[in-house]
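Reading through the structure tokens given below for one structure.
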Amino acid sequence: IGVDTQSAAAQGGCQTPFLVYTDPANPGTRSQSGDVAVTSDSVLLGDFRGDGRFAGYEIGGVQDAIVNTVTGMARVQGEFTATSPGGDSSITVWYTGQVDFEAGMATGNFVVLGGTGDDAGYRAAGTIEGTIVGPATLEGVDVDHPGEALDRSGHPNPVPRVVGPVHR
């Protein structure tokens, strides 16, 4: 499951789109009691899009979620670090929010207090609104045994592995 978001930061009304998704190789630890499912330490990956200040920054972090499986509503909290394409600057974003899986929407709040490199001293707080871009259920894709692709920094990342014709 991924969230395609736009954030509105306190600094200058910034709106920066980004995409985050659960790393298929590290979905976290899940437990369930009745109608409540809890996922802890789900690894997040993604990147900032567009042409704003953080365009091209890669995202890596962790998230916890508490989901009511009957209503499709969830509370999420987590943090991620966004690192510049050269790896010399970064910010860490802490957030909390709500997800409505039925409506395909996510909302929440975030804060950034400082960073590294060119982003040292960066501070922002605001809201996040996003659209859930659900997991693809495609025949021909082996989600249990992901492939691997190198990112811009040369680090390997898990990617979907196509093993046959892709059909919905």
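The values are calculated or read from the model by the stated rules, or taken from the named source; none is laboratory data. Everything numeric here is computed off the predicted structure, so don't read it as measured data. Glycine gets a Cβ as well: all are built from the backbone with ideal geometry, and neighbour counts include every protein chain shown. Heavy atoms of the whole protein, side chains included, go into the accessibility calculation; ligands, DNA and RNA do not. Shrake-Rupley method; radii C 1.70, N 1.55, O 1.52, S 1.80 Å.
Just to be sure before I move on: is Q6 surrounded by fewer than 19 Cβ atoms within 10 Å (Cβ to Cβ) and either part of a loop (DSSP other than H, G, I, E, B) or at pLDDT below 95 (or both) in the structure I sent?
So Q6 passes the test.
Residues being open to solvent by less than 60 Å² (accessible area, probe 1.4 Å) and either under 17 Å from Y21 (Cα atoms) or among the β-branched types (V, I, T) (or both): count how many of those fall in segment 111-134.
Final tally of qualifying residues: 6.
Please verify whether segment 78-93 includes one or more residues that are open to solvent by less than 50 Å² (accessible area, probe 1.4 Å) and modelled with pLDDT under 90.
No: segment 78-93 contains no residue that is open to solvent by less than 50 Å² (accessible area, probe 1.4 Å) and modelled with pLDDT under 90.
Going through segment 145-168 one residue at a time, which ones are small (G, A, S) and at pLDDT below 70?
Residue satisfying the conditions is G164 alone.
Let's see how each residue does on (1) of a type outside the set (A, V, I, L, M, F, W, C); (2) within 14 Å of the chain's Cα centre (by Cα); (3) at pLDDT 95 or above:
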position	(1), (2), (3)
G13	yes, no, no
D35	yes, no, no
V43	no, yes, no
R49	yes, yes, no
V70	no, no, no
V99	no, yes, no
V112	no, no, no
